[in-house]
Amino acid sequence: MPVACYSACLFFAQALAKVVADYGIKTNFNCNLVAVDGPAKTATFEVTDAAGAKQQITKEFAMLHVTPPQSAPDFIKQSPLANAGGWIDVNEKTLQHNRYPNIFGLGDAAATSNAKTAAAVRKQVPVVVDNILALMKSAAVQEGYDGYGSCPLTTSLNTVMLAEFSYGGKVTPSFPLLDPRSNRGIWWWGKTTGFPWLYWHIMLKGYRIDIPHREAYAKKFLSE
Ligand SMILES: Cc1cc2nc3c(=O)[nH]c(=O)nc-3n(C[C@H](O)[C@H](O)[C@H](O)COP(=O)(O)OP(=O)(O)OC[C@H]3O[C@@H](n4cnc5c(N)ncnc54)[C@H](O)[C@@H]3O)c2cc1C
């Protein structure tokens with residue numbers, strides 16, 4: 001793991017490990033789902049051990065919840081806009097295309113290394129708008145996007161942990177007094193009510209309300 005990523009990954013992973021332990025959940029890392037037999041209710045995993053050796057194991061399941069690997073849509077992957085990995089080939093900070101300066105990309109399909117979230121899109125949109133306007137005036141585009149993303153992690157039927165971070169594994173909360181590792185009812189309200197309202201009535205209508213996120217807000221919690 002790169003050192004830069006270490007702080008945010010460890011910071012939230014340790015807190016989530018406690019949630020997992022409290023529920024008595026057994027985790028199985030390094031298991032890649034490679035086949036499912038629906039009628040037989042079995043799933044086959046390729047398991048990689050600590051030495052890198054791989055073997056396949058098949059397990060029975062009562063219910064299987066699968067998330068596919070993240071990917072851009074095929075029409076992006078197959079277009080000249082894509083990089084080798086299939087994502088829209090943009091500069092991580094300006095969101096301007098690396099080969100076509102009059103094209104910008106943002107959101108899940110963009111080749112930015114932030115967490116793919118609507119919270120990231122919320123911070124990317126103003127950067128793209130400002131940079132298109134700058135380009136139209138022949139002014140320099142700005143490196144305005146810092147990789148902010150946010151994952152409201154549901155930890156119970158009425159609590160959420162609000163993980164916010166930026167490029168380089170920086171923990172960048174928006175609320176200075178609240179430990180972001182705490183499971184809170186207020187974040188549950190945010191996820192179910194507050195954030196959707198923000199997205200539908202502010203963001204999609206083109207209004208700008210910036211809630212600043214700061215690495216400095218996390219300093220006190222990072223040392224604990
Ligand atoms: C289960 C789940 C929970 C999530 N929870 C959160 C959360 O709590 N907070 C958060 O911030 N983010 C969350 N996200 C992530 C968030 O939904 C995405 O990051 C966000 O929607 C990305 O926006 P986008 O516009 O880039 O892509 P999308 O929202 O995927 O929009 C892409 C659009 O392009 C359309 N499209 C695809 N192919 C074509 C084509 N060939 N022609 C025309 N149109 C096409 C699609 O139909 C879609 O409407 C969640 C995602 C999932 C799946």
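Here is how the numbers come out for the structure above:
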quantity: The range 108-126: number of residues that are outside any loop (DSSP other than H, G, I, E, B), within 16 Å of residue 172 (Cβ to Cβ) and not basic (Lys, Arg); calculated: 3
quantity: Unmet requirement for residue 173, which otherwise passes all of (1) touching a His at 6+ places or on another chain (Cβ under 9 Å); (2) at pLDDT 95 or above; calculated: (2)
quantity: Test: residue in the range 191-203 that is closer than 17 Å to residue 161 by Cβ, touching a helix residue (DSSP H, G or I) at 6+ places or on another chain (Cβ under 9 Å) and either among the charged types (D, E, K, R) or in contact (Cβ under 8 Å) with a residue 12 or more places away in the chain (or both); calculated: yes
quantity: Complete set of residues in the range 204-223 that are assigned to a loop (DSSP other than H, G, I, E, B) and free of Cβ contacts under 8 Å to residues at least 24 places away in the same chain; calculated: 204, 205, 206, 207, 209, 223
quantity: Qualifying strands (runs of 3 or more DSSP E) (wholly inside the range 1-76; at least 2 residues being touching a Phe, Trp or Tyr at 6+ places or on another chain (Cβ under 6 Å)); calculated: 31-37
quantity: Those residues of the range 185-201 which are loosely packed, with under 15 Cβ neighbours inside 10 Å and either among the aliphatic types (A, V, I, L, M) or assigned to a loop (DSSP other than H, G, I, E, B) (or both), in sequence order; calculated: 186
quantity: Residues of the range 140-184 that turn out to be in a strand (DSSP E or B) and under 16 Å from the mean Cα position of the chain (by Cα), as a count; calculated: 15
quantity: Filtered residues of the range 160-178 (kept if more than 16 Å from residue 212 (Cα to Cα) and away from the ligand (no atom under 14 Å from the Cβ)); calculated: 168, 169
quantity: Tally of residues being of a type in the set (Lys, Arg) and surrounded by 12 or more Cβ atoms within 10 Å (Cβ to Cβ) across the range 19-71; calculated: 2
quantity: Residue count for the range 104-113, restricted to those that are within 10 Å of the ligand (Cβ to nearest atom) and of a type outside the set (Asp, Glu); calculated: 5
quantity: Subset tally (residues that are free of Cβ contacts under 8 Å to residues at least 24 places away in the same chain and within 16 Å of the ligand (Cβ to nearest atom)) for the range 122-156; calculated: 1
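Yes or no, residue by residue, for (1) surrounded by fewer than 21 Cβ atoms within 10 Å (Cβ to Cβ); (2) closer than 26 Å to residue 188 by Cα:
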site: 116; (1), (2): yes, yes
site: 123; (1), (2): no, yes
site: 129; (1), (2): yes, no
site: 156; (1), (2): yes, yes
site: 160; (1), (2): no, yes
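The values are calculated or read from the model by the stated rules, or taken from the named source; none is laboratory data. Remember, it's a predicted structure, so these values are computed and weren't measured experimentally. Counting neighbours? That spans all protein chains shown, and the Cβs are built from the backbone with ideal geometry, glycine included.
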